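The values are calculated or read from the model by the stated rules, or taken from the named source; none is laboratory data. Note that the coordinates shown come from a computational prediction; the quantities given were computed from them, not determined experimentally. Glycine gets a Cβ as well: all are built from the backbone with ideal geometry, and neighbour counts include every protein chain shown. Please note that ligands, DNA and RNA were not included when accessible areas were found on the heavy atoms of the full protein model with its side chains. Shrake-Rupley method; radii C 1.70, N 1.55, O 1.52, S 1.80 Å.
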Amino acid sequence: MRERVIRKHLIFYGKVQGVGFRYHACHAAEYFGMTGWVRNCYDGSVEAEIQGLPEEIDRWIIMLKEGRYIDIEDIEEKTIQVKEESGFKICS
């Protein structure tokens, strides 16, 4: 099953800062047992790398879109190389 693990680099645009987005992203990633990180960007977007099974990543994004006060207008998404890591963290 772990051979299906992928890693994605994402940039979220919209009302994604000041609305609990990073906390919500971390909580949802931990719920699915995925690894990666999330951080605010200076332009008002939020950047993240998430690693897990493709269907878990899809559900993670859906959970983010359903977050209270969060309004994702667009997502830039690219698949990148899988990394050895543990946990999901909020970066400053």
Task: Proximal charge balance of Gly14 [Cβ under 13 Å; K/R count +1, D/E count -1] - done: -3
TODO: Return the carbon/sulfur percentage of the accessible area of the chain, one whole number, probe 1.4 Å, all protein chains in place.
DONE: 48 percent
TODO: Go through the range 78-85 residue by residue and turn each phi into a ³J(HN,Hα) via Karplus (6.51, -1.76, 1.60, θ = phi - 60°); whole Hz please, and just put x for glycine and proline.
DONE: 8, 7, 10, 6, 5, 10, 7, 7
- [ ] Would you pull out the residues with amide H under 5 Å of Lys89's amide H, same chain only if 5 or more places away, H placed 1.01 Å from N?
- [x] Gly36, Trp37, Val38
Task: Computed label-point distance, nm, for sites Glu66 and Ser86 using a 7 Å Cα→Cβ extension - done: 3.0 nm
Task: Helix axis angle, 54-65 relative to the chain longest principal axis, alpha carbon, degrees - done: 10 degrees
TODO: For Lys15, go through the lysines and keep the ones whose alpha-carbon is under 24 Å away, minus same-chain ones fewer than eight residues off.
DONE: Lys65, Lys78, Lys89
- [ ] Grab the DSSP H runs of the chain that are 4 residues or longer, score each as -39,500 (n - 2.57), total them, divide by all residues and round the 222 nm result to the nearest 500 deg cm²/dmol.
- [x] -8000 deg cm²/dmol
- [ ] Hey, can you find the accessible area per residue of the range 1-80 for me, probe 1.4 Å, expressed in square angstrom?
- [x] 57 Å²
TODO: Let me know the charge dipole size of the chain about its Cα centre in debye, to the nearest 20, where only the beta-carbon of Lys, Arg (+1) and Asp, Glu (-1) is charged.
DONE: 220 debye
